[in-house]
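See structure below.
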Amino acid sequence: TCALPIYVSFMQGKEYTGIERAIGTAGLAAGKFQPSQMEIFKSMINFQTVYNEMFLSYATSAQKDMYNASLTEKHSIDVANMQKIILAGGLKGQLHEIDAVTWFKTISRKMDALKKIEDSLSRETLMRMELVRNTALQHLTSAISIVGISLLGTFLFAFLAVRSVNAS
């Protein structure tokens, strides 16, 4: 698997969740969403979908399981339900008793779960990078050894050739 695309796509999705939290909080605090806020809110959800699909296309089975498990947690289900209500009635102020504080706390719990996944992905990425670095160092050491032995052989051959010429 490709560690960096997995990590970067996941982080992009998480970043858009944070922006969604801010836009949602502002709209809910005002009691309704302005058209520009609603467009940004929708875009943040769409961007999350794109980056989460990208993440899932690269992720290992264990990473997919961890992510999918987070989607079944209460806070993720509650956020999805609140998103539907906001998308359906946010422009008209028909928010069915959803308030900014509840939204913020609930989506923050979702983000806390995403942070745990981020930490796991970060550890995996660092371990893979360390493995690549160690492998590269082994190859470099081998190459330097081969070059060193070749140079030593060349100098020895040249020394013997010059000595043979001088002896004759």
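The values are calculated or read from the model by the stated rules, or taken from the named source; none is laboratory data. Since the structure is predicted, the reported quantities are computational estimates derived from the model, not experimental observations. Ideal geometry is used to build each Cβ from the backbone, glycine not excepted, and the neighbour counts take in all protein chains shown. SASA here: full protein model, heavy atoms, side chains in, ligands and nucleic acids out. Shrake-Rupley method; radii C 1.70, N 1.55, O 1.52, S 1.80 Å.
Hey, what's the stretch 57-168 come to in accessible area per residue, 1.4 Å probe, Å²? Spell out each step's value before the answer.
Details: 7860 Å² over 112 residues.
Ligands and nucleic acids excluded, the figure is 70 Å² per residue.
Say R0 is 41 Å: what FRET efficiency, to the nearest 0.05, do ARG109 and THR141 get from their beta-carbon distance? Don't jump to the answer; show the numbers that get you there.
On the way: r = 49 Å, r/R0 = 1.19.
So the FRET efficiency works out to roughly 0.25.
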Restricting things to alpha carbons, tell me how big the stretch 38-109 is in terms of Rg and Dmax, in Å. 14.0, 42
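Pop out the Kirkwood hydrodynamic radius of the stretch 127-168 from its pairwise C-alpha distances, inverse of mean 1/r, in Å to one decimal. Show your work: numbers first, answer last.
Working: mean 1/r = 0.0796 Å⁻¹.
It is 12.6 Å.
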Ignoring everything except DSSP H segments at least 4 long, calculate the 222 nm mean residue ellipticity for the chain; use -39,500 (n - 2.57) per segment, divide by total residues, nearest 500. -31500 deg cm²/dmol
Of the options THR154, SER36, VAL165, report the single residue whose Cα projects farthest towards the positive end of the charge dipole of the chain (beta-carbon charges: Lys, Arg +1; Asp, Glu -1). VAL165
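Quick one: net charge around CYS2, please, counting Lys, Arg +1 and Asp, Glu -1 for every other residue with C-beta under 13 Å from its C-beta.
Numbers: positive: ARG128; negative: GLU124.
Local net charge: 0.
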Residue-span extension gain [ARG123 to ALA30] - 0.36 nm each, minus C-alpha spacing: 29.5 nm
Can you work out D for the stretch 94-153 in µm² s⁻¹ from Stokes-Einstein, where Rh is the Kirkwood radius over C-alpha pairs, the temperature is 25 °C and the viscosity is 0.890 mPa s? 153 µm²/s
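Residues with beta-carbon under 11 Å from that of HIS75, excluding HIS75: net charge, scoring Lys, Arg +1 and Asp, Glu -1? Please report the intermediate quantities before stating the final value.
Details: positive: LYS74, LYS105, ARG109, LYS110; negative: GLU73, ASP78, ASP112.
So the environment of HIS75 carries a net charge of +1.
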Cα-Cα pairs above 15 Å in the stretch 1-73: how many percent? 58 percent
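Using only C-alpha atoms and all pairs of different ones, pull out the Kirkwood radius for the stretch 54-168 in Å with one decimal. The partial results should precede the final answer.
Values: mean 1/r = 0.0500 Å⁻¹.
Hydrodynamic radius (Kirkwood, Cα only) of the stretch 54-168 equals 20.0 Å.
Below 14 angstrom from the Cβ of LYS64, what's the summed charge of the other residues (Lys, Arg +1; Asp, Glu -1)?
-3
Out of the total accessible area of the chain (probe 1.4 Å, heavy atoms of protein only), what percent is carbon and sulfur? Intermediate results must be reported in sequence, preceding the final value.
Numbers: 6810 of 10560 Å².
In the chain, the share of accessible area belonging to carbon and sulfur is 64 percent.
Taking the Cα centre of the stretch 1-110 as origin, work out the dipole magnitude from +1 charges on Lys and Arg Cβ and -1 charges on Asp and Glu Cβ, in debye rounded to 20. Don't jump to the answer; show the numbers that get you there.
Working: 11 positive and 9 negative charges, 28 e Å.
That gives a dipole near 140 debye.
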What is the angle, in °, between the Cα long axis of helix 35-58 and the longest principal axis of the Cα atoms in the chain? Nearest 10 is fine, range 0 to 90. 40 degrees
